[in-house]
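Visitor: First the structure, then my questions, so here it is.
The values are calculated or read from the model by the stated rules, or taken from the named source; none is laboratory data. Note that the coordinates shown come from a computational prediction; the quantities given were computed from them, not determined experimentally. When we count neighbours, we look across all protein chains shown, and the Cβ atoms used for this are built from the backbone with ideal geometry, even at glycine. These area figures cover heavy atoms from the full protein model, side chains too; ligands, DNA and RNA do not enter into them. Shrake-Rupley method; radii C 1.70, N 1.55, O 1.52, S 1.80 Å.
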Amino acid sequence: MERLFCKWATDLPELQLIMAVLPEKSKDLYSEIKRVGDNVIGIPTQCVQSKLVQQAKPQVCANISLKINSKLGGVNHIIDPSEESPVFKENVIIFGADVTHHSHTENGIPSIAAVVASMDANATKYCARVRAQRHEKSGGAQEIINDLAAMVKELLIEFYKANRGLKPSKIIFYRDGVSESQFDQVLVHEVRAVQEACMMLEKDYRPRITFVVVQKRHHTRLFCEDERDASGKAKNVPPGTTVDSGITHPYEFDFYLCSHFGIQVN
């Protein structure tokens with residue numbers, strides 16, 4: 001397969017996307033297609049199961065079309081200009097960061113730290129940076145991103161190039177995968193790393209930084225006090241519901257956000 005894909009890339013220099021129709025239970029084949037497409041030839045790939053091609057249901061076709069459009073550099077969704085947040089009225093860059101750790105049975109495999117950053121005013125296009133993460137001396141996986149300053153610096157430069165020399169005046173940094181016991185450690189190290197990245201570019205460059213730790217694995221459930229406010233058959237709270245008092249942390253700036261439509265029954 002690698003030889004075939006490389007031949008296509010050589011013979012078809014204008015090739016933008018490879019679409020593969022796969023049989024059922026083709027996990028290994030899928031992984032190999034993604035490896036060759038992403039790591040060897042640098043051409044996006046779109047895989048779809050053969051049964052879905054045969055059925056060609058409108059919803060499936062729509063979902064695959066959205067994926068293809070995104071992989072070819074298109075824009076699927078933007079915020080309605082009439083509802084646009086004041087945040088986007090200034091030059092803002094949005095970061096997202098996480099560290100993926102190996103399982104307990106996979107000794108010697110490094111963790112992977114990944115950071116993505118928005119490249120346009122609508123936060124629809126992103127660039128990414130990935131690093132292998134060394135383990136602590138004790139042998140345990142480390143949650144702090146070691147090379148964060150360099151990664152943020154590279155992404156700020158990409159933003160600068162993509163926006164004709166404009167620098168972001170505000171940084172919003174979303175950090176996933178941090179437990180409460182690691183809050184202080186991650187905040188001190190990683191906020192400082194973002195500040196250092198800015199100063200690497202210009203000594204006096206001091207954009208405002210909002211650092212948000214995101215946690216999904218909690219046991220809090222929200223319900224509408226008035227059933228008329230509930231959303232959908234499941235009667236969940238409507239998308240966009242935010243709770244920042246009463247049940248939140250007594251000292252830290254803490255809030256709950258239901259950011260999208262809930263389809264599960266509470």
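Visitor: Taking the Cα centre of the chain as origin, sum charge times position over the Cβ atoms of Lys and Arg (+1) and Asp and Glu (-1), and report the length of that vector in debye to the nearest 20.
Guide: Numbers: 32 positive and 33 negative charges, 149 e Å.
That gives a dipole near 720 debye.
Visitor: What are the ³J(HN,Hα) values, in whole Hz, obtained from phi via the Karplus relation 6.51 cos²θ - 1.76 cosθ + 1.60 with θ = phi - 60°, for each residue of the range 154-162 in sequence order, with x given for Gly and Pro?
Guide: With the stated coefficients, the range 154-162 comes to 4, 6, 5, 5, 4, 4, 4, 5, 6 Hz.
Visitor: Another one. Only helical DSSP H runs with n ≥ 4 go in: add -39500 (n - 2.57) per run for the chain, normalise by residue count and round the 222 nm mean residue ellipticity to 500 deg cm²/dmol. Don't skip to the end; give the middle numbers.
Guide: Details: 6 runs with 73 residues, N = 266.
Result for the chain, helices only: -8500 deg cm²/dmol.
Visitor: Now for a separate question. Have a look at the DSSP beta bridges in the range 169-266 and tell me what percent are antiparallel, nearest 5.
Guide: Working: 4 of 11 bridges.
The antiparallel proportion sits near 35 percent.
Visitor: Right, next: Rounded, prolate or oblate: which fits the range 22-163, taking a ≥ b ≥ c as square roots of the Cα gyration tensor eigenvalues, rounded meaning a/c under 1.5, else prolate when a/b beats b/c?
Guide: Numbers: a/c = 2.21, a/b = 1.05, b/c = 2.10.
Note, shape of the range 22-163 comes out oblate.
Visitor: Of Thr100, Ile112, Leu15, which is farthest on the positive side of the dipole of the chain, counting Cα position, with +1 on Lys and Arg Cβ, -1 on Asp and Glu Cβ, and the Cα centre as origin?
Guide: The one lying farthest along the dipole's positive direction is Leu15.
Visitor: Counting only residues 5 or more places away or on other chains, whose amide H sits under 5 Å from the amide H of Asn91 once H atoms are built in the peptide plane?
Guide: Ser169
Visitor: Let me ask something additional. For the chain, compute Rh as the Kirkwood radius over C-alpha pairs and then the Stokes-Einstein diffusion coefficient at 10 °C and 1.306 mPa s; write the answer in µm²/s, rounded to an integer. Before the final figure, lay out each step's value.
Guide: Values: Rh = 22.0 Å.
Here the translational diffusion coefficient equals 72 µm²/s.
Visitor: Which percent, to the nearest 5, of DSSP beta bridges fully inside the chain are antiparallel? Intermediate values should be presented prior to the final figure.
Guide: On the way: 18 of 36 bridges.
Close to 50 percent.
Visitor: In addition: Based on DSSP loop calls and a cut-off of at most 16 other Cβ atoms within 10 Å, the longest stretch of the chain free of exposed chymotrypsin sites (Phe, Trp or Tyr not before Pro) is what? Mind showing how you got there, number by number?
Guide: Values: sites that count: Tyr205, Phe223, Tyr251, Phe253, Phe255, Phe261.
By the stated rule (loop sites, at most 16 other Cβ atoms within 10 Å), 1-204.
Visitor: OK, next. How long, wide and thick is the range 167-266, going by the Cα atoms along their three principal axes, in whole angstroms, largest first?
Guide: That gives 54, 31, 21 Å along the principal axes, largest extent first.
Visitor: Follow-up. Where does each of Ile263, Ile172, Ile209 land when they are ordered by accessible area, with a 1.4 Å probe and the largest first? The partial results should precede the final answer.
Guide: On the way: Ile263 130, Ile172 20, Ile209 55 Å².
Result of the area sort, largest leading: Ile263, Ile209, Ile172.
Visitor: Write down, largest first, the equivalent ellipsoid semi-axes of the range 42-85 in whole Å, where each equals the square root of 5 times an eigenvalue of the alpha-carbon gyration tensor. Kindly include the intermediate steps, with their values, before the conclusion.
Guide: Working: eigenvalues 144, 49, 5 Å².
Equivalent ellipsoid semi-axes, largest first: 27, 16, 5 Å.
Visitor: Related question: For Asp254, enumerate residues with amide H under 5 Å from its amide H, sequence gap 5+ or separate chain, H modeled in the peptide plane.
Guide: Answer set, sorted by chain and number: His249.
Visitor: Still on this structure, please answer the following. State whether the range 13-75 is rounded, prolate or oblate according to the following rule on the C-alpha gyration tensor (a ≥ b ≥ c being the square roots of its eigenvalues): a/c under 1.5 gives rounded; otherwise a/b larger than b/c gives prolate, and the remaining case gives oblate.
Guide: Note, shape of the range 13-75 comes out oblate.
Visitor: Follow-up. Mind grabbing the base-10 log of I(q)/I(0) for the range 1-46 at q = 0.15, 0.25 Å⁻¹? Debye formula, identical points on the C-alpha positions, no solvent, two decimal places.
Guide: -0.35, -0.89
Visitor: Select from Ala234, Ser245, Tyr256 the residue farthest towards the positive end of the dipole of the range 223-266; place +1 on Cβ of Lys and Arg, -1 on Cβ of Asp and Glu, and compute about the Cα centre.
Guide: Final value for the positive-end residue is Ala234.
Visitor: Separate question: Can you compute the charge dipole magnitude of the range 178-266 about its Cα centre, using +1 on each Lys and Arg Cβ and -1 on each Asp and Glu Cβ, nothing else charged? Give it in debye, rounded to the nearest 20. Walk me through the numbers before you get to the answer.
Guide: Working: 10 positive and 13 negative charges, 67 e Å.
The dipole magnitude comes to about 320 debye.
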